[in-house]
Every structure is written in C-alpha cells, then in structure tokens.
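Working notes, beginning with the structure itself.
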Amino acid sequence: MFDFEFDPVLTAWGIVVRLGQALLDAGPTLLCGVLVAGIFSQMLGPQGTARLFGVGARSGVLRAWFWGMMLPVCSLGVFPVIRELRRAGVSGGTILAFALTGPLFNPLSLLYGLTLSEPIVIISFAFLSLVMVSVAGVVFDWVFPGTGLPVPAASTLPAPGLKRLLAVAVAAGRDLAGLSLLVVFVPFGSMEHSMRHDDPWSPLIMVLIAAPAYESPMRAMMHLGLLFDHGNSVGAALVLLILGAGVNLGLVVWSLRTFGLKLTAGWFVLVLAIVLGFAYGVNRPLDFAVNRESHTPAFDDFATPFPPGTTHAAVTGLVEGKLLDRAGAQELVGLLGVAGLLLLGLATRLIDRAVARWQRGTESWSVIGWLQRTSSRPEWDWVIPSKVLAGIVLVGLVALSIVGCYVYYAPPKELFEEMQMVRAEVQYCVLKANKDQALRVLPRLDDLTRKLQVSVFLRTGQYDAAAAEKAEALREKLEALRDAFRLGTFAEKSAEEWNREVYQAWREFRAAYDEVVP
C-alpha cells in the first residue's frame, strides 16, 4: 500500500517526535484526569462516586455523557477516572460511555470547533456523540447485565484539612503508572490524497487510521478543520473524532482485562456499527464545502514526520523544531504537573515498601492509610464535608475549563501582536524560499486566526460574518502557499507576488477585525 524505505535512524527519531508531541498534547488533559480520579478516590469515595454516576438508576449513561463533556480529559486521562468508576461499582456501559465521551469535547475544543465549518456541523457532531454513547451504553448494559462490581461499603476517607488535599495528590500520582502511547508508522505524505468526499471507502479507511492512534481533543478538532477546508468526507471526519479522540489501543487493552474478550468485542462492534451508520448518514446532509481539493495535509501527524530526502545530519534540528512548535505554555504546565504527581506517587510507593520491610510482618502502614487517620487540627481549620468539598472541586474544574477558554483564547490585542510576528516570519520564508521553516510557521498563523475568531466571540457574544469571510480568505491564501511549498510549485510565481498576495489578505483580515474587536 505504501512505498516505504526503512531507515532505522529516521524511524527512531520519528518515534521520539511522535511520542514527544503526544506527551505535550496530553499533558493538560492527563493532569486533569488524574486529579479527578484522586477526588473520586479520596473525597467522594466509592459510594459518593456511585451516586454521582447513577448506580441503580436509569440515568447513568446520560450522567456519564454530561461529566464527560464537562471535564477536560483525553483518551489517556480517562484511564485513572474509569478505574475509580470500576471500583465504585458503576456499570460497564456507563464506564465505557464516559471513556468515549470524555475525550471528544470540552469547552476549549468545542469553541475551537465552531470556527472550522458551519456551526451546525460541530453541534450535530456533539449531539450524535450523545446519541451514540447513550445507545451503546444502554444496549451494552441490557445485553450484558451485571457488569458492575458491588458498590463497596462505606470506607474511611482522609481526615479533613491538608491531609485530605495531600491524599488527592498522592492518589493522582499513583494512578499515572501503566499509560501507553501508540506511534503510527506511515510514510510521509502517503495519505494526502485520501478521504475524498465521493469515495465510499473513506469512513472505513478512517477506522483503520484513527482507532489505533492517540488524538487530544484540540488536535482532533484541528484535523477536522483541515478535512472541512479541503472538502473531504464529512463521514470520515466524524469517524476521526469519535474513534481518533475517543478510542486508543489502551482502552481496548483495559476493556479486555476488565470485561474479557466477549464483552469487549460486543462493545466495539456495537460502537463501530453506530459510528459508521452515522458517518454514512451525515456525509451528504452536513457537507457545506465550496471547494474540493485532491489532497489534504490533515494526516501529516499520522505519518512519519520526515519528508523523503531528509539527511541524518538535519534530523536533530527538525526534531527540535517540531517539538518546540507543540510546546505551548499550557502544554508545558500540564506536563510539569503530571511529572510532579508522578514523582510524588513513586516516592510514596517507595516509602510504603521501605516501611513494610522495616515492620517485618507487623501491622501494615501506608502513606494513604496515615492520611486517612484523624488528627488534631487548629480551631481555624473548618471541617467541610467530603461530599461538599468534592462537589466544589468538580464544579471548580468545570469553571476552570471556562476560565481556561479566556486564557487559551487570549485577548484580541495580544493575538494580533503574536500574529504580527508570525506573519513576518511567513513573509521572510517567502522571500527566502525557505520551505522547511514555512511549513512550520504557516500552520501557526492559521491557528492564530481561528483563536482570534473565538476570542472575539467570547468577549463580544457576536459573530461577524463579513470578518469571518476575510479570515477564511486569509487561511485559503496561507493554504495555497503551503501547498506550493509542499508540492514544489512555489517557483511558478515570483516570491514578490506571493508576498504581495499574503500581505493583501492579511491587511483585509486585520481591517475587518479592527472594526469588531472591543
């Protein structure tokens, strides 16, 4: 299928790039996932978690969809959470519904998605995800009843005060073991002509591409945008969202170990049937593409990161550039937070083992056990019931997601300043015909235009169609320039002409938003 020459050096560095990019993408949402698991474990406890997810009620799957939509986790960040759901006796259908829903949408990715195509497309995708997880969860629990463990008896929770907060951090750190990432080996550019709108095989091929891969919610939205911009299959885009962001091989392995082969196969066949049914059903009704292009760069992240002809001497510089492009402030903060919790979890495990060897068979001692013991505390240290505190923290996480929208989508003035610098880089690349740097900075400018649209909408509550048209015109010009570099047709026009066209599109875009920016 692919014309691929194996180079062990480039393959090894390709693994480094894709793993590094995945870790950076997953940092913020993985951090959220392990913290939520710690809250369920040490604040709500198994009984409180069971009540939160409707154990014994008919609303479990809907609750899983709601909390999955509200909590910003990815397909890696759900693992610590679903482990706690399993301990709390939540049914298999509800657990798997949460595992699929959590990575699909959150406030950040949903807002970004509204800039990619007609808003009705993203809203429809969100609604279809609700229908899919609801039907799959209900059918799974009906066909395979009794998949939930018995709800444990009331257990001792950590003592109020700093011990309780520390217990959440310790539990979160311990949950970080065992997570894995998948690297896809596909030759550079080998899929750029796939996923055509008129190809009935597109959704099926997308299943093979998306299911094994790891996609963060934001990265999945960006790939959807590229598919929409190039007039590719809307059905394939839906498959990419549901299976690319919602499923990875880790979920399959966890399900096999937890439910066995029969239940796991039944679940994924059911999900696959529903997803493909929806994909073929929406392919025409939700297609609003004006232009049809014969290629798409949407799958660059699924292929080897190095183009043909890359030398071993140049690879280290390319690796550094590709990782730095992904290392934004939120990614670094998330990754550092995950690293800190991991070190804390490893340290407490070592302490537990050291104490166990020292005690030599006497009553066991553990850090979590010590944190769960009551102790004296100052008078000013008010006791807040665990349920109330857990509710405050969970609502706080949702509120933090909303606040994060305003941080991630910075004020328009700041975004314009950053875009000005990136635009200058773009024009420098044009004048110098620097292909490698151009292919790095052009997607950044495209992404910043979308962030500006969301930022203006958040702060004004209004959508200016005329300004949005200018933004789309600029992105089309950037895409044409990117294609010219990728396909080797840049020299067909002079550098000055390319520079003039990009600058003119930028001026019109800037003037349009100067009128609507508060």
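The values are calculated or read from the model by the stated rules, or taken from the named source; none is laboratory data. No experiment lies behind these values; they were computed from the predicted model shown. When we count neighbours, we look across all protein chains shown, and the Cβ atoms used for this are built from the backbone with ideal geometry, even at glycine.
Kindly indicate the residue of the range 408-425 that is in a helix (DSSP H, G or I) and either of a type in the set (Ser, Thr, Tyr) or in contact (Cβ under 8 Å) with a residue 60 or more places away in the chain (or both) and also surrounded by the fewest Cβ atoms within 10 Å (Cβ to Cβ) among those meeting that condition.
Here the answer is 413.
Restricting to the range 66-90, count the residues that are more than 16 Å from the chain's Cα centre (by Cα) and farther than 17 Å from residue 257 by Cβ.
Counting residues in the range 66-90 that are more than 16 Å from the chain's Cα centre (by Cα) and farther than 17 Å from residue 257 by Cβ gives 3.
Does any residue of the range 3-11 turn out to be modelled with pLDDT under 75, over 21 Å from residue 223 (Cα atoms) and of a type in the set (Phe, Trp, Tyr)? Even if it seems obvious, please write down each step before you answer.
Looking only at the range 3-11, we keep the residues that are modelled with pLDDT under 75, and these are 3-11.
In the following step, the residues that additionally are over 21 Å from residue 223 (Cα atoms) were identified as 3-11.
Within this subset, residues satisfying the condition of being of a type in the set (Phe, Trp, Tyr) are 4, 6.
Yes, the range 3-11 has at least one match.
With respect to residue 447, determine if the residue is acidic (Asp, Glu) and under 19 Å from residue 225 (Cβ atoms).
Taking the combined requirement at face value, the residue satisfies it.
Which pairs have Cβ atoms under 7 Å, sit 6 or more apart or on different chains, and link a residue in the range 28-46 that is in contact (Cβ under 8 Å) with a residue 40 or more places away in the chain and outside any helix (DSSP H, G or I) to one that is of a type in the set (Asp, Glu) and surrounded by fewer than 24 Cβ atoms within 10 Å (Cβ to Cβ)?
Note: no pairs meet the criteria.
In the list 424, 471, 438, which residue meets the criterion of being within 27 Å of the chain's Cα centre (by Cα), modelled with pLDDT of 85 or more and of a type in the set (Gly, Ala, Ser)?
Working: 424 fails: within 27 Å of the chain's Cα centre (by Cα); 438 fails: modelled with pLDDT of 85 or more.
Exactly one residue qualifies, and that residue is 471.
Restricting to the range 72-104, name every residue that is in a loop (DSSP other than H, G, I, E, B) and surrounded by fewer than 24 Cβ atoms within 10 Å (Cβ to Cβ).
Result: 89, single match.
Kindly indicate which of 129, 91 is out of contact with any His (no Cβ under 8 Å at 6 or more places or on another chain), of a type in the set (Gly, Ala, Ser) and farther than 21 Å from residue 48 by Cβ.
The match here is 129.
Got at least one residue in the range 367-376 being modelled with pLDDT of 75 or more, surrounded by 11 or more Cβ atoms within 10 Å (Cβ to Cβ) and not basic (Lys, Arg)?
no
Of all residues in the range 451-505, which are loosely packed, with under 14 Cβ neighbours inside 10 Å, in a helix (DSSP H, G or I) and hydroxyl-bearing (Ser, Thr, Tyr)?
The answer is 460, and nothing else.
Take the residues of the range 116-143 that are surrounded by 17 or more Cβ atoms within 10 Å (Cβ to Cβ) and not in a helix (DSSP H, G or I): which is nearest to the chain's Cα centre (by Cα)?
Looking at residues that are surrounded by 17 or more Cβ atoms within 10 Å (Cβ to Cβ) and not in a helix (DSSP H, G or I), I get 116.
Output yes when any residue across the range 240-252 is surrounded by fewer than 21 Cβ atoms within 10 Å (Cβ to Cβ), at pLDDT 75 or above and not charged (D, E, K, R), and no when none is.
Yes; the residues of the range 240-252 include at least one that is surrounded by fewer than 21 Cβ atoms within 10 Å (Cβ to Cβ), at pLDDT 75 or above and not charged (D, E, K, R).
Kindly indicate whether any position in the range 382-396 is over 18 Å from residue 43 (Cα atoms), among the basic types (Lys, Arg) and either at pLDDT below 70 or assigned to a helix (DSSP H, G or I) (or both). Before the answer, list the steps.
Applying the first criterion (over 18 Å from residue 43 (Cα atoms)) to the range 382-396 yields none.
No - not one qualifying residue is present in the range 382-396.
Residue-by-condition table, conditions (1) touching a helix residue (DSSP H, G or I) at 6+ places or on another chain (Cβ under 6 Å); (2) modelled with pLDDT of 70 or more:
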site: 307; (1), (2): no, no
site: 313; (1), (2): no, yes
site: 317; (1), (2): no, yes
site: 337; (1), (2): yes, yes
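For residue 428, which of the numbered conditions (1) surrounded by fewer than 17 Cβ atoms within 10 Å (Cβ to Cβ); (2) hydroxyl-bearing (Ser, Thr, Tyr); (3) over 18 Å from residue 477 (Cα atoms) fails to hold?
It is condition (3) that residue 428 fails.
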